[in-house]
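Here the structure is laid out as structure tokens; the discussion comes afterwards.
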Amino acid sequence: SSTDPELTGLPVVPLTMTMEMLAEVASLLQPGRQLVGMRDVRGYRWITVERETVALRLTASSRATDGASEIFAQVFEEDSGSDSPVAEAILIFGDSFPEPPVAEQLELRGERPSKWTPERLYRDVMFHGPAFRGVVAMERWGEDGAEAALQALPAENLFKAVADPAFLTDPVLLDQPGQVVGYWTSEHLDTGFVVFPFHLEALELYGPRPVPGSQFKCRARIRLEGEQQVDSDLDVVDQEERLLARFRGWKDLRFDLPAPFLSFLHHPAEVTLSESWPVPVSWLRGSAGALAFRLGLDRFPEDFFKQHGGIWQRVLAHALLSRRERDLWSSLHTPEPRRIEWLLGRVAAKDALRRYLAEQHNLALPPADIEILPDEHGRPVVRGAWTARLERVPLLSLSHSDGVA
């Protein structure tokens, strides 16, 4: 939004930050001991922050095995209506970090330079905000993996109330190898290249949180598992070729996002999702510049907006709607198909309005700056700060039928 700079897309908590939460609650049962690893980390749902706050509950219980101390921890989302955990893991503690094994060199099949130059990494591929943009360069690419340059980032911008959080891990640095997997899939695959992690077999830690600004390499060995999953083994290596962290069995779920939808998420001010539909306005007289746009569910994979807890429905809403529109959308107590139609209607209407305003008034607006709110009769009325610059605000009509807006 150009008029509401603090309005953001859908905030999704990285899995590595959830792992840090689990480690912190587990550490209460291991006072004075060192977190040296994790195993069987499972993320069942995303933690999304759609309102001002989200309340989480963490639990931990001890397990003693072969001289090592293991803690089983879970995180639950309060008021979610579900008794199942959001995520869980087994946290491993010791008296000190183990001696790191020798870092292995990475041989790549069909090696060539990556097409993702540094300036394109977070502009065209990844969606991370500045606090998590730690992949400096994709230095090597191959058919079975990649090598990237990473940088440890400061943590002072992560929490409003805590300037220097006492992390047990470095969740920002540990998120970066997963980003490397995403860069690899977006270069290697034509479809299903958007990935989110859901399971980690084991994490081995060999040293404390590095100083911000420290440089590392990520050596990623990556393989496809069927049509829906990517498995990776990921090493984080320092400048002296010492292993800092090793991920074994980092598993990502693949998502097949339509190309226009993905482009819209990256550049909502420039991309339209719906298509021009000239037939309904072709017979109108005295309505210069009248436009019609349409968008149907047939433009998306089957059940696209319903799968995985409706994550892509919520992502679209946060890329599209103003604050008051978000409140209106979240308050709709209608069957899900109607909620989806309502959302598609806003896409088509805003695409038509954006085209109209660009052609008639040379205005280029992101969708969130165009508000469509009902008047006292329920009719959609166009609002926004930009309307003060026009003599007349455009009139709008919206209709839905069987999954088409």
Whole-Å distance, taken between Cα centres, linking segment 291-343 and segment 257-284: 15
Over 29 Å between alpha carbons, listed pairs Lys115/Lys217; Lys160/Lys251; Lys217/Lys251; Lys115/Lys251: Lys160/Lys251
Within the chain, helix-based [θ] at 222 nm, where runs of 4 or more DSSP H residues each add -39,500 (n - 2.57), nearest 500: -7000 deg cm²/dmol
Filtered GluC sites (Glu not before Pro), segment 340-405: DSSP coil and at most 13 other beta carbons within 10 Å: Glu376, Glu391
Backbone HN-Hα couplings from phi across segment 121-129 [Karplus 6.51/-1.76/1.60, Hz, Gly and Pro as x]: 4, 9, 8, 10, 10, 8, 10, 5, x
Given the chain, longest segment not containing exposed loop trypsin sites (Lys or Arg not before Pro) (DSSP; at most 16 other Cβ within 10 Å): 161-284
Chain lengthening between Leu253 and Asp375 when straightened (0.36 nm per residue, less Cα-Cα): 39.6 nm
Rel. contact order, % - alpha carbon contacts under 8 angstrom, at least six apart, the chain: 14
Per DSSP, loop chymotrypsin sites (Phe, Trp or Tyr not before Pro) in segment 94-191 with at most 12 further Cβ within 10 Å: Phe159
Per residue value of the accessible surface for segment 273-341 (all protein chains in place, 1.4 Å probe), Å²: 57
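Are there GluC sites (Glu not before Pro) in segment 151-241 that DSSP puts in a loop and that have at most 13 other Cβ atoms within 10 Å, and which ones?
Working: sites: Glu156, Glu187, Glu201, Glu204, Glu225, Glu227, Glu240, Glu241; in loops: Glu156, Glu227, Glu240, Glu241.
Hits after loop and neighbour filter: Glu156, Glu227, Glu240, Glu241.
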Assigned charges on the beta-carbon of Lys, Arg, Asp, Glu; segment 246-307 dipole about Cα centre (debye): 260
Distance (nanometres) between label positions extended 7 Å along Cα→Cβ at Leu332 and Asp95: 6.1
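Express the accessible area of segment 12-52 per residue in Å², computed with a 1.4 Å probe while the remaining protein chains stay in the model.
47
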Kirkwood Rh in Å, taken over all unlike Cα pairs in segment 283-394: 15.3
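According to the square roots a ≥ b ≥ c of the eigenvalues of the Cα gyration tensor, what is the shape class of segment 1-125, taking rounded for a/c under 1.5, prolate for a/b larger than b/c otherwise, and oblate for the remainder?
Cα axes put segment 1-125 in the oblate bin.
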Kirkwood-based Rg to Rh ratio, the chain, C-alpha trace: 1.02
Folded to 0 to 90 degrees: helix 15-27 orientation relative to the chain principal axis, Cα: 50
Inter-label distance for Asp4 and Glu50, nm, one decimal - labels placed 7 Å from Cα along Cα-to-Cβ: 1.6
Note, ³J(HN,Hα) from phi for segment 265-280, Karplus 6.51, -1.76, 1.60, rounded to Hz, x at Gly and Pro: 5, 6, 9, x, 6, 10, 10, 10, 8, 8, 10, 4, 9, x, 4, x
Between segment 1-66 and segment 118-155, the alpha-carbon center distance in angstrom: 22
Probe 1.4 Å, accessible area per residue of segment 115-207, Å²: 40
Rounded percent of accessible protein surface that carbon and sulfur make up, the chain, 1.4 Å probe: 50
Amide hydrogen neighbours beyond the local backbone of Phe167, cut-off 5 Å, H modeled: none
Principal-axis tilt of helix 171-188 within the chain, Cα atoms, nearest 10 degrees: 60
Residues with amide H under 5 Å from that of Val86, placed H, sequence gap 5 or more: Val75, Phe76, Glu77
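The values are calculated or read from the model by the stated rules, or taken from the named source; none is laboratory data. Bear in mind the structure is a predicted one, so any value in this text is a computation, not a measurement. When we count neighbours, we look across all protein chains shown, and the Cβ atoms used for this are built from the backbone with ideal geometry, even at glycine. Surface accessibility is based on the protein's heavy atoms, side chains included, excluding ligands, DNA and RNA. Shrake-Rupley method; radii C 1.70, N 1.55, O 1.52, S 1.80 Å.
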